[in-house]
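One structure is given below, encoded as structure tokens.
The values are calculated or read from the model by the stated rules, or taken from the named source; none is laboratory data. These figures come from a predicted structure and were not determined experimentally. Reconstructed Cβ throughout: ideal geometry from the backbone, glycine too, with neighbour counts over all protein chains shown.
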């Protein structure tokens, strides 16, 4: 089991950047695995990026908002601290962040979703898209449901799923919200209550329907994956993602 492969000897000082619901869950998981939270930085104490506690951290875990994420990454790079991030909605700047990270010889781990189950779902999604690409009588659509506090729509996970389908299904050339063009993967995004995250992919023909689904029960799976990624990133340079972690 992956969790058992990251051994308890990986005791680290972790800086938490962002202290919303995910930040609180990450803190709980990190402490349960014997790590020390060196500093918690949120919008009310941004000066702590200059603190000795932050600069002495082994790794930073960043879950904030897209409008501040880029600046947070740069602060980590400049302090020589590997950063693990799950913030979505900023990927148009990915090339800039990757280039800057490499130029400064720092470490960056990004995932749109840190759940081990979701990343297994990603692999299932790619395989199903490959199989269904040979059957033109099936249309494909994607539905995602998240809590009302999630501002970006579609979610980063939904975009990752959509791009996997496009890469493995030649008849699908783009994705769009509520777009019914047959070459477009239609994404429907809902924001309801406190739903942690649900993703459904449906292939449908006149005679039947094939559906795969992932439903998160709580935030624990996301938080555990983020802490595993932080353990993986200790003393590392370069660009990594969940595929690197899952090959341990």
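Between 141, 155, 133, the distinction of being under 30 Å from residue 247 (Cβ atoms) and at pLDDT 90 or above belongs to 133 only. Residues in segment 90-100 that are touching a helix residue (DSSP H, G or I) at 6+ places or on another chain (Cβ under 6 Å) and modelled with pLDDT of 95 or more were compared, and the one that is surrounded by the most Cβ atoms within 10 Å (Cβ to Cβ) is 97.
Those helices (runs of 4 or more DSSP H) of segment 31-129 in which 1 or more residues are in contact (Cβ under 8 Å) with a residue 60 or more places away in the chain occupy 66-78, 94-103.
For segment 108-128, the set of residues classified as crowded, with 23+ Cβ neighbours inside 10 Å and at pLDDT 95 or above consists of 108, 109, 110, listed by residue number. Annotation: residue 211 fulfils all but one of (1) surrounded by 13 or more Cβ atoms within 10 Å (Cβ to Cβ); (2) more than 14 Å from the chain's Cα centre (by Cα); the unmet one is (1). Of the residues examined, residue 26 is not one that is part of a strand (DSSP E or B), surrounded by 19 or more Cβ atoms within 10 Å (Cβ to Cβ) and either at pLDDT 95 or above or over 22 Å from the mean Cα position of the chain (by Cα) (or both). Residue 125 meets all of the listed conditions (1) touching a helix residue (DSSP H, G or I) at 6+ places or on another chain (Cβ under 9 Å); (2) within 19 Å of residue 229 (Cα to Cα) but one, namely (2). Within segment 215-231, take every residue that is modelled with pLDDT of 95 or more and touching a strand residue (DSSP E or B) at 6+ places or on another chain (Cβ under 7 Å) and give me the one that is farthest from residue 99 (Cα to Cα). The residue in question is 226.
Residue-wise test of (1) surrounded by fewer than 19 Cβ atoms within 10 Å (Cβ to Cβ); (2) part of a loop (DSSP other than H, G, I, E, B); (3) without any contact (Cβ under 8 Å) to a residue 40 or more places away in the chain.
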position	(1), (2), (3)
142	no, no, no
153	yes, yes, yes
167	yes, no, no
199	no, no, no
226	no, no, no
